[in-house]
Structures are given as C-alpha cells and as structure tokens.
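Nothing in this text is a laboratory measurement; each read-out follows from the coordinates by a stated rule. Bear in mind the structure is a predicted one, so any value in this text is a computation, not a measurement. No Cβ is skipped: glycine too gets one built from the backbone with ideal geometry, and neighbour counts run over all protein chains shown.
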Amino acid sequence: MSRTLPIVDHLARRDAVLRMTEAESIAPDVPGPDDDRTMIMNMGPQHPSTHGVLRLMLELDGEEVVRSKPVIGYLHTGMEKTGEQLSYLQGGTNVTRMDYAAPLFNELAYSLAVEELLGIEVPERATWIRMLLTELNRISSHLLFLATNGMDIGAVSMMIYGWREREEVLRFFEKVTGLRMNHNFIRPGGVAADLTDGWRDDVQALLDMLPPRLEEYEILMTGQPIWRERLQGVGVISPEEAIALGASGPILRSTGIAWDLRRETPYLHYDQVEFDVIVGTYGDCFDRYAIRLNEIRESMRIVAQVMERMPAGDYRAQDKKVTPPPRARIDESMEALIHHFKIFTEGFKVPEGEVYVAVESPRGELGCYIVSDGSATPYRIHVRAPSFANLQTLPYLMQGGFLADGVAVISSVDPIMGEVDR
Amino acid sequence: MGVRDLPEHGLEGLDHNVLTGRIEDLVRWSRARSCWPATFGLACCAIEMMATGAAHYDMARFGMEVFRASPRQADLMIVAGRVSQKMAPVLRQIYDQMMEPKWVISMGVCASSGGMFNNYAIVQGVDQVVPVDVYAPGCPPGPETLLHAILTLHHEIETGELLRRRAESGGGAGIEIDQRDGQQAPLIIGRR
Amino acid sequence: MADTETPAADEADAPAARHEPEVLHGVPVTWSRTQRVAHPARTGLVELVATLHGEGYEQLVDLTAVDYLVHHGRTDLPADVVGERFEVVVNLLSHAGRARLRLRVQVPADDPVVPTLTGLHPAADAYEREVWDLFGIRFEGHPDPSRILLPEDWSGHPLRKDHAVGRVPVQFKGVAPSR
C-alpha cells in the first residue's frame, strides 16, 4: 500500500529525472529511452560551469533538455566518518570544509549542536561576534555567487568585480580569525579569540565600500536586457514543488514562500535585529539572483546593527572543562595547564543524547545532527547540507530549457559540492 | 648579440637588428611565459585559485588567466582540492588528454598528501595518480603561495631544471615549496 | 487519541518535566533536550508520515541513519521500543507551525529494510540512496536504489561501525622546505 499525494503525482508525471545508471549509459547495447530523437550527453565532472565536481547526465532532444540526472559523489570525503574520530574541539576543522564558500555557517551549526548537548550558555559578546562573522560570510558567499553567476551567463567582468569585493571581506576575516577560508573560529563555547582592535573601523569601511559597488552590479546586470532575457522565465519552480523536493534558502524564497530560519525559528539574537526577508515572485533564475543581491544589503543592515549593539564581555564560555584557558594563564596556574592538556589531548566529554540544530546558510537550511555517547568524540555526526536537497530540484528546473539555460540554472541553484558530497 | 645579453645590455649592442639565441632557450622561455592552466578546481582550493585569477592577485600578469576547459588546449593542471576515489579515474583521464609538454601543480595539502582526510574516501596524494611537478602546501594555500608555486614552476621550466628532475625521477619533478601567506612585509616569491 | 498540539518555536514550560508517557498517533514520543522525537515502528512509518503531512509537516528536511553497534546502550528510547542495530532518523518540518519533529525508526541488522518515503516526500529520494550507500539499509519501493556518493561498483558500507576508517599509516619525516 503506497499512499501518494497530488504534488508527488505531479512531479512523477513531469518525468524530469533520468533513471539510468552510469553502467547503462555507456553500455552500447542498452537502448536509450527514445532512441531516435534523443541522445544522452554527459556534462562534467570536469567542466567550467558545473560549480565544482557535479556531473550531469542529460537526455537531450536537439538542444532541449528532456530529462537529467545529477550524479554526485566526486568530492565524497568521508567527513562524517572522519568526524567520529575527531574530538569535539577538532570537529570544527572537519565541518568547516563542507560548505567551503560559507565555512563559518558549518562551524556555527556544529557549535550550536554541541552546546545544546553540553547544556552550556554562550556569553552575549560571543553570540554577537558570531552574528557579525556569519553575516559577513553571507555577504562574501553571495558575492561569490554573483561572480560565478555572471561568468556563467557570459558577463565575465562580473567575475573580477565580485572577487574584488570578496577580497575585502576576506581581508577582515584574515585579520580576526587568522585565515581567509576554513577558519575554525566559531567553536563550542564561543569563538576562538576576541575581535581585533579597530574592528569597527574595518567593518565600517566594508559597509561604506559595498553599496556603490552593488549599484555597479545593478547597472551591469539587473537592468540589462540580455541579462533579463537569459534569466527571466528560466528554471521556474512552483512553491509546492520546491517544498516537496526539500528545497530551502533562496530557491524556496524565490517561489514566494517567506521561510528564513533567522526569522521563523530565530537562533543567536536574530530576533533582536531588524532585517527583511527577501522573497521572489516567479520562482525563476532572475528571482534567485535578485534575492541574493538584496540579501547582501540586508546582511549589511544586520552588520550595522550588530556593530552598534556589540556588548563587552567574554568571547567564550568560562566553563573550564570545555574552553581552553587563555595562553598566559598556563604559565601561572597548574590547574590551567592541566585543563589545557586534557582539552587538547583527550577532549572534553559531552553528555549522552542526540540533537539536530539548523541555521540559515546562504544556500538554505544547514543542519547538524549529533549523537553523543558520553565520550569525547561524537558517536555520529551528520550534516544536513542544503545543496544536497537543492540539487534534487535541478532536473525539474532544467526540463524544457536549452542546454545554455541549464548552465544558468545550475548557477542559480548555487550548489557547493563540498557539502553535497561530504 | 645574444638573447641572453638582453637583461644586462638592453638593445644597445644590437647589430643589424639581429638577435641570436638557441632554439632550446626560446622554446623554454615561451613555454614558461604562456602556461595555460586546465580547470581542475575540486574543492576549497578552487576558490583560492579563482581568487588568484581575480584582479587583486592577478595571474594574468604571468600569462595564466586563461583557464582552458579543454585539456587539449592546456599545459598545466593545477589539481586544486581533495581527490576522491570516484574522481581519481577522471583526473587520470584529463591528464592523459593533455598534450605534451604538460606540468602538474598539486595545490593544497589534500592534493599533495591526502591532507587532514586520511580515510577510505580520499586518494592520499595525487602523485599516486599523476606525476606532480610542484607541491604547494596550505589548507587552502592562499593566492601568494599559489603564485609562488606557479612562478617556481615557470622558473624551473625556463632553466630546464624541471625536465632534468623529471628525467632523474622518472615521474614528476617533485619540487616542494613553502607557504608564503599571511605575511605583513612585502613578499618575494618565485625564484628570481 | 492523546496527541500533543502544534508546538510553538520555543516552549517555555519544560516538556521534560511531564512524567506521563506521551503518544502521537499511537506512537511513543520522547524529548531530547528541547526537541520532540517520535519512535514509530518500520511498519507504521509511512502511515505516520502521511498523517503528519496532513497536519502540516510538509517538508522532509533530512533522512539519515545511525549504527548503534558499538554503543554502550541507549537510554533515551521509550519503554516499549526495542533498540536495534540501525536507526533511521527522519527530520520533518512544519512551516505553518514553525515546528520540527524527529522520527527514529529501529531497523534490525538481519533485515535492514525500511519502506520508502519517496511516495510522500520526493525529497527523500537522494537521502535514501545515501543511507543505502553508506549504511546498507534498503528502502523498499525506491525508484532508483543505487549508490550515490561512492562509485557504483564499490563494495562495503563505510559508515557502519564495523567498517574501518581506511587510514593509511603515515610515517612523518623531517622535511626541510627546498625553496
């Protein structure tokens, strides 16, 4: 007995997913689905426009995409297995490399899950620092999207402009966290170090620099007829389809559903700052582009408010069993030395239980599910990557469009293969 | 007057508008200066590779901003990121499709040795699949380190050291460089 | 039928303080920190998910599995649920109710089969393939039960606890940078 729903029937009738294994696709004697008219083409995994190592098997009728199948796994790193070997303090280095365009979000989801299991409270300043850094990371991730989206559509100069702004944000990250990417800065208990002196000036410089540059992008792309022709009406998805396929983030919002975890199930202190949730109307690639462009502006608004309200205080929980002592104290106190030693060799033990915590990453709902058995390493760690679910919308977005539209569609879905394959 | 006198004397001693030089030097010089990379960005290192191609670090000044999608048109494969078991055959296939002379830079620790992922899924170093000429450490190596690797490669091509090392090892040249990121003072990279 | 009402985002009244066992559509419910977890049996899974879909849990956010082979013993299962080697964990989201519900389904090691949820949630398609790939749990009725992350001809299910990490022993040599 299989119960089904209207939306499921609708998706099945659309028949957009190519059900063919890789072995079948190369076997010469297996007939194709519609042998005379269509052909099976392979795109990727090494391809300039597939945003990493995504492979697409496309069934083409001339130039039109009839069915497609995303083949993933070319970046499978066994991170969930490795995560079981690493202590909770080391876990951040592992998860941060999943969504490598927005690494601080991975760390945030992971740290929030560990803190939920530990039952510790994170100090105010740490929470606001986390908000500051993740919103800046959202800006840098969306700039990456704008750059790659522009290049895929053909506005190659956008690639250079987007990276120009991104460099400034990464410069701030390097100053505060020590690294341009994969920071391992948001850790269970707070953040790894306090903000540097003069951070307000640096952030203000960013906030002053960005708006005129965003205006440049509007001139270069938004109003431009070719851009509109390439993106409007391309890759359309309906709200019901998006929900049924597990899509979240800009894809879901482009259909008109105002679902943003920062607003609906607030974490950190998002309920204390004012920002708008950007929503589209038509569910096409242009909407997704415009949503991300305007989310940069909303993130800047949030950053400005965080700058005003940043309290003084600790940047990490003062729980000796969890957070390492400051380096200076190790010389003075034997206890501090022992705690430092235990935390970095054994790791701190986390009470038994299982939790799932989700944050709103630039790609959608990024969740972390941790099962703890009371020891110093997670028993099971699973990251719910937004791009893994978002990629399931790809066959439905590409169906009926041309191959070049397919490139625009992949770009608007903005997958990061590191988190898809883990 | 020979080509080799140019850096010192400029065009002063030029007789009859004729420059002489060895074919071998000319070939090596041109190979080093127009090295076109194949797009092989896999993971986080790919983002830093794109940053190196962008305006701030600008690989174009070294003749390298044209990332060729087709391996037939590429000289250099920068393996940027972790290579999974599923990707390894693809890597070898792209390498085989490149035309001689071809060079390989292994960018980042995951490509050089498996990095922090010593498990069932990641090939522990791409030198198990393709011969590597320069290893660039870092996780990810910043644009300065990648430029250092590229300029080292260019210099070794130009002096002929790379081919000599390859002949010696039977595989790649295996030059290891150190990481040059995050420094306050002005950097000197490459071998000049 | 004693079932709890649509829960709000942050419950101020401590749910863990309730002592009477909770039931949701005939399925026992526990609380894990502040999160609600239901424990359906394999046979009742599809029915429960269908009922929940009607109640607003329209999005399947995550579907994964856990291998409890070397766990010293779970203490968070309800009294009438027997812990098996595998657990399939389903995460459902209700937009209207701003609520999440987690389902934990026990799957025995000698018969690792679970009915598919793709008939109700097409989102489960890729997730169930991943669980098959990494754990070896089969989903009956899935349209394309093939490996998704590992090569198609790979043998073994890496996330099982009796599968090794696959570490290659590394000998550290003092390497002086040559440049």
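Averaging the sequence gap over all C-alpha pairs within less than 8 Å and six or more residues apart, then dividing by the number of residues, gives the range B:1-106 a relative contact order of 26 percent. I'd like to verify something in chain A: which complete DSSP H helices, judged by Cα projection on the helix axis, reach 18 Å or more and average at least -1.0 on the Kyte-Doolittle scale? Within chain A the helices that satisfy the rule are A:103-118, A:124-153, A:156-177, A:199-217, A:285-309. Taking a ≥ b ≥ c as the square roots of the eigenvalues of the Cα gyration tensor of the range A:1-138, is the shape rounded (a/c under 1.5), prolate (a/b larger than b/c) or oblate? Judged from the Cα gyration tensor, the range A:1-138 comes out prolate (a/c at least 1.5, a/b above b/c). 3J(HN,Hα) along the range C:117-130, derived from phi through the Karplus expression 6.51 cos²θ - 1.76 cosθ + 1.60 where θ = phi - 60°, amounts to 9, 5, x, 10, 10, x, 4, 5, 3, 5, 5, 5, 5, 5 Hz, with x in place of Gly and Pro.
Take peptide C:114-122, look around each residue's Cβ out to 10 angstrom, count Cβ atoms belonging to other protein chains, and average those counts.
Mean inter-chain Cβ contacts per residue within 10 Å come to 5.
A Förster radius of 30 Å combined with the Cβ-Cβ distance from A:Gln272 to A:Arg327 puts the calculated FRET efficiency at roughly 0.35. Note on the range A:139-291: percent of Cα-Cα distances in each 10 Å bin, starting at 0 and stopping at the bin with the largest distance, equals 10, 29, 36, 22, 4. Could you give P(r) for the range A:119-213, binned at 5 Å from zero, as whole percent values over all Cα-Cα pairs? Pairs per bin, as whole percents: 3, 13, 21, 22, 16, 12, 7, 4, 2, 1, 0.
Amide H contacts for C:Arg36 (H built 1.01 Å from N in the peptide plane; partners 5 or more residues away or on another chain; cut-off under 5 Å): C:Arg102. Going from the residue with the fewest nearby Cβ atoms within 10 Å to the one with the most, A:Ser361, C:Ser94, B:Ser30 rank B:Ser30, C:Ser94, A:Ser361. For the peptides A:62-68, C:132-138, the ranking by mean Cβ contacts within 10 Å, running from highest to lowest, is C:132-138, A:62-68. Using C-alpha pairs below 8 Å separated by at least 6 residues, the relative contact order for chain B is 19 percent. The C-alpha atoms of chain B define a longest principal axis, and helix B:23-33 lies at about 50 degrees to it. Charges were assigned to the Cβ only: +1 to each Lys and Arg, -1 to each Asp and Glu. The resulting dipole of the range C:25-90 about its Cα centre is roughly 180 debye.
Applying 1/(1 + (r/R0)^6) with r as the Cβ-Cβ distance of A:Ile26 and B:Arg68 and R0 = 22 angstrom yields a FRET efficiency of 0.30.
Take every pair of alpha-carbon atoms less than 8 Å apart whose residues are at least six positions apart; their mean separation over the length of the range C:52-156 yields a relative contact order of 24 percent. Here the peptides C:23-29, A:268-274 are ranked by packing, the mean other Cβ count within 10 Å, and the order with the highest first is C:23-29, A:268-274. With point charges of +1 on the Cβ of Lys and Arg and -1 on the Cβ of Asp and Glu, referenced to the Cα centre of chain A, which listed residue (A:Pro351, A:Met300, A:Trp199) lies farthest in the positive direction of the dipole? Value computed over the given set: A:Pro351. Under Stokes-Einstein, with the Kirkwood radius over Cα pairs standing in for Rh, what whole-number D in µm²/s applies to the range A:99-166 at 25 °C and 0.890 mPa s? It diffuses with D of about 181 µm²/s by this estimate. Based only on other Cβ atoms within 10 Å, what is the fewest-to-most ordering of A:Leu133, B:Leu19, A:Leu245, A:Leu112? Ranked by crowding around the Cβ, least crowded first: B:Leu19, A:Leu112, A:Leu133, A:Leu245.
For the protein assembly as shown, what does the alpha-carbon gyration tensor say about shape, rounded, prolate or oblate, given a ≥ b ≥ c as the root eigenvalues, a/c under 1.5 as rounded, and a/b over b/c as prolate? It comes out prolate by the Cα gyration axes. Averaging 1/r over each pair of different alpha-carbon atoms in chain A and inverting the result gives 22.7 Å, the Kirkwood hydrodynamic radius.
Taken residue by residue and averaged, Cβ atoms of other chains lying within 10 Å of the Cβ of A:214-226 number 0.
Full extension of the chain between A:Lys320 and A:Gln232 gives 26.2 nm of extra length, using 0.36 nm per residue less the Cα-Cα distance. A protection proxy built from the mean count of other Cβ atoms within 10 Å ranks the segments A:16-27, C:63-74, A:141-152, most packed first, as A:141-152, C:63-74, A:16-27.
The ranking of B:Cys139, A:Cys368, B:Cys35, B:Cys110 from fewest to most other beta carbons within 10 Å of each one's beta carbon is B:Cys139, B:Cys35, A:Cys368, B:Cys110. Mean per-residue shielding of peptide C:85-96 is 3, counting Cβ atoms of other chains within 10 Å of each Cβ.
Between A:Gln85 and A:Arg263, the FRET efficiency from the beta-carbon distance, with R0 = 41 Å, is close to 0.65. Model label points for A:Ala12 and B:Glu8, set 7 angstrom from Cα along the Cα-to-Cβ axis, are 8.3 nm apart.
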